[in-house]
Structure formats: C-alpha cells, structure tokens
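Single-structure report; data block below.
Just so it is clear, none of the values below were taken in a lab; they were calculated from the coordinates. Please read all numbers here as calculations on a predicted model, not as lab measurements. Glycine also receives a Cβ, built like all others from the backbone with ideal geometry; neighbour counts cover every protein chain displayed.
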Amino acid sequence: MLKCLLNESEICYKNVALYGYGGLILLLCLCQVACSAKTQIYDEPRLPANVKPFHYDIRLLTHLESSANCSYNGIVKISIHAQKTTNQVVLHLGRVSIESKKITLFGETSNYRLRSVRFNKDRKYMVVTFNQSLLMGKSYVLSVEFGRSMSMNQTDGYFIRYYINWKTLEKIWYSVSHFNRNWIRNTLPSFDEPSLKATFNVTMGHHKRFQSYGNMKVQAVLPNHEIQDYVWSVHEVTPTIPTHLLAFSVNNFTCRYSQAASMNPVRFRTCVQSADVRAISFAAQMAPQILEFLDQVLQVSLPLEKIDQLVVDDFPTEAMENFGLVVYSSKQLLQREDGPMTKEKLQTLDLIAHELAHMWFDNLLGMDSYSDLWLTEGLAGYFKSLAVDHLQSRTGRRILLRYRESSMMHESQVGGISLVPLSSNASLNAEKQLYQKATSMICMLIGFLGNETFYDGLQRHMWQNSFGSSTPDLFWRSLQLAIEREDTYVKTWDVKNIMDTWIMQSGYPLVTVIRNGSEVFLKQGHALNRSSSQLWWIPLTYLIEGGSLSKNLKPKAWLSPNSHSIKLNDIVPRNQWILFNLQAVGYYRVNYDELTWQLLATTLFNDFRSINVLNRAQIVSDVIFLWNQKLLAWSTALNVLKYIIDEDEYEPLMAFVVGWTNGFWGISAESSFNIAKWLGIAAKWYAEFISYTFDKFVVQDPNQNLNSLDYPD
C-alpha cells in the first residue's frame, strides 16, 4: 500500500482505487485533514498537452502453464518530455492492476515524491500528481508496475487462446495482443492516442518452450535467473509508432518462410498452431508478391526486415495490421496454394492485401486522431484493390465497384453518412461502411487528379510525414502542391475545398441531365433528401455517342456549390445519347431526360458492349435506385433493364441482383414482389438470368451478402 505523503495543507483522497478500470488494488489514504469534494479530476476527451511520451521500455512476463494460472505482470518505463511546467501526469489505464507503491518519476537529478493517484473510470484516465513540478523542456521517466490475469473471454488487450495437441490431447495455451483501437490501456499504463507516437523497447519473459513474437525481430534470448526454465526475449527497438500498432505474442506455432524481393528485402514468417504448414501455404506465397507490388507502385520503402503473419483462433476481427506483426483470424487465412483460384482464396488475397497496404497507410503514414481514420482506410482500400488486380486480373475493379455500390446502398438505407467525425467506439459495421465510402472517395480523387499528379503528391506527403502524424489537411496540401507543379494547372482547383464537400457532408448528390435540343443542362441535388441544401464539387466526365472512351478520367466540367446548375459547352445531336460519370469513378448518381434514357436503352439492347462494363453497372444501379425513389417511370426502368438477359459480366449482374433483391437497397417487400412478378412473366428472361445469377450469388449461400459475392471469371 502507498503511504500517505500528504501534509496538512494538501488534499487527501479517500478510497482512491489504484486499479484503473475494473479494479484490484485499493488505496485508503487516512490523513487528519478533510477531503475536498470540490477538486475536479481531469475529464477532457483527449489527454492534456503538458507532457509527451517519446519512448517506452516494457518488460513483460507471461505465464501460460494452465488456464487457471494464465497471467502476466511487468513494468513499463515511459520517457516523457515536459511541454509545460506541471506537477501532474495524465495517462490511460483500463482493466489492469498496478502496484501503487511502485509508481515513480525519475528526473535528471532526483526522484519525485508521489502526492496522489486518481482515476477517471469513464475516460479511463490515471491522474498522477507529484509534490514537485516537472519543468518545461526537461525529460523524465515514469515507471509503473502492472499485471492482471488472462482469460479466454477477453477480446482486447493481451489475452489467451488455446489449441489441442491431438497426439497428447493436451491444451496448449498461447497469448496474443490486440490493441486497436484504444485497448493497450487494458494491458498497461500508456498514452493511448494515435498522435502520441513513441519508440518501444519490448522484452518478453516466457517459458523456454515458447517463442516471442513482436513488431521487431528478437535480437537476444537471455536466461531468467529468478524463474527456472524461463527466458527473456529481447526485441529490437521499434521505429516511432502509435500505441495501437504495438503487438506481441507468446506461442509455439509452426511457421513457413518466404521473402519479398522489394527495395529493402522483407522476410515473411507465416505461422499457425497446426504442424500442417500447408494450410498457410497460400498466404505465405501471396504476401511477398503483394508487398513487392505495393513497394514498386508507391516507391516508398518500408523500414522493415521482417513481417510475421500469425493465424489465431477466435481473433476478434478478421485481421490487425500491427507494424511488422499482422494477426489474422484462422477462419480467414487457412488456404492451400495448390488447386484453382476459388472465392475463398480471393477473399484471403483481399484480406492480406488490405493488411499489407496498411504497412504504408497507418504504420508508415500515421493519423493524428481517430477522426482521420477514414483517410488511412481509404488509401489502404484503394491500393489493396490494385494489388489484388495485379495478381488476379479484373478482380480489383470489382472490389472498387462493390465498395461503391455497398456504400451507396447503405447510405440510401440510413439517409446518408459522413466520414467525419468517427468516434473511437464506432461499431465494426459502421466502420466497414465508412471504409467503403472512404475508398470510393480516394478512387474519385485519383480520377479527377490523374495518376501522375496523385502519385507525385502522395509520395512527397509520405516522405515528409513518415512515422509522423498526418491529417487530411496536410494530405490535401501535398496534392495541391502537386497540382500547382503541373503545366496545365487550373487556379480554380482547390483540393481541400473540393474534398471537404464530400468528406464533411453526409449522403451523395444526384446529377439530373436536361436536354433542350442539342443543348445539355445539368443540376445537382441531394440524392437522399430533396429538401437538403447540401451541394458538392462534382467532377463531370462524359462521353457522347460515337466518341471514343479515353483512359483519362479528368473532368471536362464541374458542378460547384456556388451554382447548382450549369450548361455544357459541348453540343450533343438530338439523336445521340450522352453518358456521364465514366467508369463510375464519381460517387454520385445520374438521372437523364426521357429521350436519353430511350437512346441508352436502345444501345444496351442492340450492342451493350459498346458501353463500358462499369458504366453498364452504374446504369443498372441508378435505374433501380431512381425507380425506387419515384424519380423514374417503371416503364422506363424496364426498357433500360431488359438488355440484361444477355449480360455476361459480373459488375452489371451484381448491380442488378443487389438492386432488386429485397433488403439490399431498402426496397419494400411489395416493390420487390412486383419486380419478381415481372421476372416470372418473362419466362426466358427468368430461366436464363435467374438460373445463372440468382442461384450463383444467393441460393448457393443464402447467408451471403454484397461483401461476399462470388467473383466469376
């Protein structure tokens, strides 16, 4: 117990629990003065800026002898820099016990006397007050001993799992951490915010029959002179990373080795609890190829010598992209490399690519706060689609379209979502929808900037902010400078102003096309709320019938918040259609006048391949949405959709199935029934299309949803 260090002029806090959130150790400080009820404990949503951590020394001993005795204990020494003169240090502490008498602060010349320790259980803060002040500009070391039991019921922090050794029928226990998004506080005291990055020197104690995994490789294994058959595994010091990317595990897994021939060769170690490493052969084979591709595309090397991939039973998420130590759920990664490419292998490929993309976006290029999480997820989502497409042709574009359709579908159901602010406790389902929209935003951004400008700005941004805290505004500034370096720079372009209309506002726009003879007028409005005054900067790409489709997706015109309608400069003959939003890169819907819908329907019915496959999917999706919103006549919708009996590409078929199936787009049961009734009347249509599409995507697995549809060749 902590002795009372207070004199008569100081405040004594009764029943102060030195246990953080969940509690084990109780301090009862008995003094001869009354406790002051007026003193308020720190209660702001973010930690104060009076001190800043820059290094952690963590020494952690894990006991895995039996489920009843699985526990850990350790000591953390946090090097902090005083940004202001203060006698108080506030840090995070959750469900972990601490040794009150072992809390110490070391300065350059002396130790500091502890005055009080208090807790804000709602914020999970530990407020440590000292008798002396920390001086601005000086560095100190805060030392705290900690520990707790470990259980199978935990899904965050540092917890245990087991597997059965089928030869001996013995339970083999192992430990693994999961600190994303703010759960390291449930393992040890820490400054648990993404902007408070630091280096970490981790030493793991464990029985010698286990091995230690961490962000960095083990540089030495030393004997533990206090516990027989235990050792200390000393890991190399990490680069500057946030707390949620720290990771460690103690296990005796079996591993398969592979290597990426990137600019800085990276060795992969893919490990599983089973001795049958063939179960992880696909992941071991694909991961280096993905890393090589991303390394080549991004032209920014990772400062990593190794990446471990651990396959864990009952991991709380599909995967976690810890720096140098990626942890996967076993349900997602167990695929053998032999045999044909299957839906399950493609899903595994997608997952690995996403986690490895995070080695650049979140690990190398970190965020300042969780409200910026959409940016790292959007960049990771886009580049993982490129990597998957590199290894499996056409699959990447399907991922991007699926994200766009899924996000728009979700927004239509809930009335719109905005990407910021994202709270630290957002649900996993809400996060998933946000990430899909964020990826769609990045896709649109690249479309109107062009690849060359985008990569120029992105690479400079990464070089300038590696292992630092990036923000959307810093990112926009880097892209703006890249635009201004172009010979074709248009002074009216301001990336921040453009993207803020998409990031800060909920929902998405509807562009309405109105033709008057050969003239074309366009206006914008909120697709989901007609009474809304929200307006966007909308990049307009279009193709006039008979024209050639260019790979250049830079806009020919813009709709802006300053004017909700414009007239196109181009003249469009009355007997020719005009098609907007080429390759469905823009995150908006388009409604045409009746004549243009008729012209598009005729072309689709007679020669649907003359229209790009992504635009066919967009047309199908928009038609069903517009009809559902009572913005398009049923006869017009049928006229456009009738071509689909001959459609043989995944993207339009996916858009169709998703569009009319009850529960996807929020279409009522009655409306869904009317569609099904029409399909039943069209016998040939029903037989050919439904047998190919509905059975393939829905009947075979009724639990599938949009995010797990098959990828037909």
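Overview of values
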quantity: Fewest-first sequence of I103, I352 by Cβ atoms within 10 Å of each Cβ; calculated: I103, I352
quantity: Separation of alpha-carbon centers, region 457-477 and region 183-240, rounded to whole Å; calculated: 30
quantity: Sum of side-chain charges, I307 neighbourhood, beta-carbon under 11 Å (Lys, Arg +1; Asp, Glu -1); calculated: 0
quantity: Shape of region 278-405, Cα gyration tensor, a/c cut at 1.5; calculated: rounded
quantity: Fewest-first sequence of C255, C271 by Cβ atoms within 10 Å of each Cβ; calculated: C255, C271
quantity: Given charges at Cβ of Lys, Arg, Asp, Glu: region 253-337 dipole, positive-most of I290, A260, V312; calculated: A260
quantity: Shape of region 360-506, Cα gyration tensor, a/c cut at 1.5; calculated: rounded
quantity: Net charge of neighbours whose Cβ lies under 14 Å from the Cβ of Q524, counting Lys and Arg as +1 and Asp and Glu as -1; calculated: +4
quantity: Shape call, region 463-510: gyration tensor on alpha carbons, a/c limit 1.5; calculated: oblate
quantity: Residue order, fewest to most surrounding Cβ atoms within 10 angstrom, among K102, K167; calculated: K167, K102
